[in-house]
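Any read-out appearing in this document is the output of simple, stated calculations on the displayed coordinates, not a laboratory observation. In this text the structure is predicted, and so the values were computed from the model without any measurement. Positions of Cβ are generated from backbone atoms using ideal geometry, with glycine treated the same way; all protein chains shown enter the neighbour counts.
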Amino acid sequence: MRMLDLLLRKRCGGEHDFKELKFIADGAASGAIPDYQLSAWLMAAFLNPLSKKETADFTKAMALSGKKLDLKGLKGGRVDKHSTGGVGDGVSLALAPVAAAAGVIVPMMSGRGLGHTGGTLDKLEAVKGFKVRLSAGRVYKQLKATGLSMFGQTAELAPSDKKLYALRDASCTVESLPLIVASILSKKYAEDITGLVMDVKYGSGAFLKDFKKSRELAVALIDTAKLLGIRCVAVLTAMEEPLGLAVGNGIEMEQSINILRGEKGPADFMEVLEVLSGWMIHLGSKAKTPEEGMAKARAVIADGSALEKMRQMVRWQGGDVRVVDNPEKFLPKAKLLTDVKAAKAGYLVKMDARTVGHASVVLGAGRARAEDAVDLGAGLILYRKVGDRLVPGEIIARLYSSDAEKLREGRKTFESALSTDLRPGKKTKLIKEVIS
Ligand code: URA
C-alpha cells in the first residue's frame, strides 16, 4: 500500500476501507509515514470528511495502533465518562467513586489541564503521593479488587492519536468532527469499555462554544460509539459560567471529597453529578432506568459507600488516605489570597467561564503550554454565582496563588470576567438535552 495513493483518493473525495485506515494509523504511530503526507491527508480528510463507517473504522484503527486493554475477565458493565472540558468541572472526581460504589466497573482514563480548562489528573495529583501513571496490569488488578481506577493515557494506548493530534494542531485541521470523534473514541475503545457517558459542553468555556456544533459532535460520538459496540449517552451541558464553586486542583478535589462526605454541594454541580451518575449506573446495568440510577447515586453518597470507594482508590494508587477524612487539612492551598468584593448593589449577570479559566491559569492552577508545571494549591473559590444578588462589600470570590504578582494579575483577569446589573438577568439552563 502506498500513502500517495491514499492521499490522492481522499483528496478526490473517495472512501477508505479499514485496512487503509489501519495503514495510516499504524504509520502515524510508528513514524513510517512522514509528517508532510500525514498532514496532507488530514487536510484532505478535513475538506472531504470521513463517512460514518470510515470514522468508526479510523477510530478502531487508531485504538489498534497501540495496545488495547483487555477487561473482559471482569464481571459486569465497564463504563467510563468523558467531558469535552470546562472550568470548575471536577465532576469526575466524585462521579467515578459514586458509580463504582453502585457496582459499576469504572476504568476512568483522564487527561491534564491545558489552556483555560482543568484536567482530572492534575486534580487527583493534589493528593500527596497519588499515582496516575499505571500499567495495564495494575489497572486490571485494581479494577478486579475495587471496581475503580482513575489513570492517565499510557504511551501504548492509541499512540497514533498523540501524533495525529499534534499534526492537526499544526495544520489547522483540529475542527473536523469525524477527526475529533475518532480522537476521543479511539482512547475509549482502547480501554475496552462497554458503556460511555459523554458530557458535551457548550458556551463560553467549552471546546466548541456553539450549541449546534456541540450537538453535532454529540450525535457523531453516539453514532460512532454504537458502530463500535459501546453503549453511549451524551449530556449537553452549559459552560457559560464555572461549574460549582471551586476552580483549581486541590480546591476542586476538596469540593468533591466534601460532597462524598455528605456535605451539600453546589446546586449546578450536584445536578450534573446526579444526571451523569444515573446514566453511568444505568449503562453499567445496575439500574433499569437513569432515574433509578440517580436514586442509587444519592443512596451511595448518603450511606458513605462512595466515600469508601474514594478511600480504596487513594490507597491503591499510593495517595495519602488522610485526605479522605480531612480534605481541608491535607490538600494543598496556596498561601497568598485576595478577596474580590462587590463594589455596588445589584445582581451578578455574567461570570465568563473562559475568562475565569484564564484567571486560574494566571494564578498558577493551569497550563498555558503542555510542558508547564501547575501550582496544586492555586485557584479560586466562588461565593456568588450568576443570578445572585450582590451586597456592597460582600465577597464574590477568594483567589489563591503562591506568587504575589500572579495573584495581582489573576485578580485583574478574574474581575474582567464579571458583569453586574440592577436586574437579575436570564440564567442559562444547565442541562439542555440528553441524547441516547
Ligand atoms: N479531545 C480529544 O481528545 N481530541 C480532540 O480531537 C478534541 C478534543
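Peptides 334-344, 379-389, 86-96 ranked from most to least packed, by the mean per-residue count of other Cβ atoms within 10 Å: 86-96, 379-389, 334-344. Across segment 3-63, Cα-Cα distances exceeding 20 Å account for 13% of all pairs. Counted over segment 113-182 with a bin width of 10 Å, the fraction of Cα pairs per bin, in whole percents, is 16, 35, 33, 15, 1. If a/c stays under 1.5 just call it rounded; otherwise compare a/b with b/c (prolate if a/b is bigger, oblate if not). Do that for segment 12-134, with a ≥ b ≥ c from the square roots of the Cα gyration tensor eigenvalues. Taking the square roots of the gyration eigenvalues as a ≥ b ≥ c, segment 12-134 is prolate.
Our coupling estimate for segment 251-256, obtained by passing each phi through the Karplus curve with A = 6.51, B = -1.76, C = 1.60 and θ = phi - 60°, is 5, 6, 4, 4, 4, 5 Hz, Gly and Pro reported as x. Here the 3J(HN,Hα) profile of segment 358-371, calculated from phi with Karplus coefficients 6.51, -1.76 and 1.60 at θ = phi - 60°, is 5, 4, 5, 5, 4, 5, x, 7, x, 10, 7, 10, 4, 8 Hz, Gly and Pro shown as x. In the chain, the convex hull through the Cα atoms has an average projected area of 20.0 nm², a quarter of its surface area. For G85, nonlocal amide neighbours, meaning residues 5 or more places apart or on other chains whose placed amide H falls under 5 Å from its own, are K201.
Strictly over 18 Å apart at the Cα level, which of K53/K212; K212/K432; K187/K226; K22/K213; K296/K329 would you flag in this model? Display every interim value, and only then the final one.
On the way: K53/K212 23 Å; K212/K432 12 Å; K187/K226 15 Å; K22/K213 28 Å; K296/K329 30 Å.
Check vs 18 Å cut-off fails for K53/K212; K22/K213; K296/K329.
With q set to 0.07, 0.13, 0.16, 0.17 Å⁻¹, the log10 of I(q)/I(0) for segment 79-327, from the Debye formula over equal scatterers at the Cα positions, is -0.21, -0.76, -1.21, -1.40. The residues M150, M3, when put in order of fewest to most other Cβ atoms within 10 Å, stand as M3, M150. For segment 332-421, the average shadow cast by the Cα convex hull is 5.5 nm², which is a quarter of the hull's surface.
Only helices enter the 222 nm calculation for the chain: every DSSP H run of n ≥ 4 contributes -39,500 (n - 2.57), and dividing by all residues gives -14000 deg cm²/dmol, rounded to 500. Across segment 228-235, coupling constants 3J(HN,Hα) worked out from phi with the 6.51/-1.76/1.60 Karplus curve, θ = phi - 60°, read 8, x, 9, 6, 9, 9, 10, 10 Hz, and Gly and Pro carry x.
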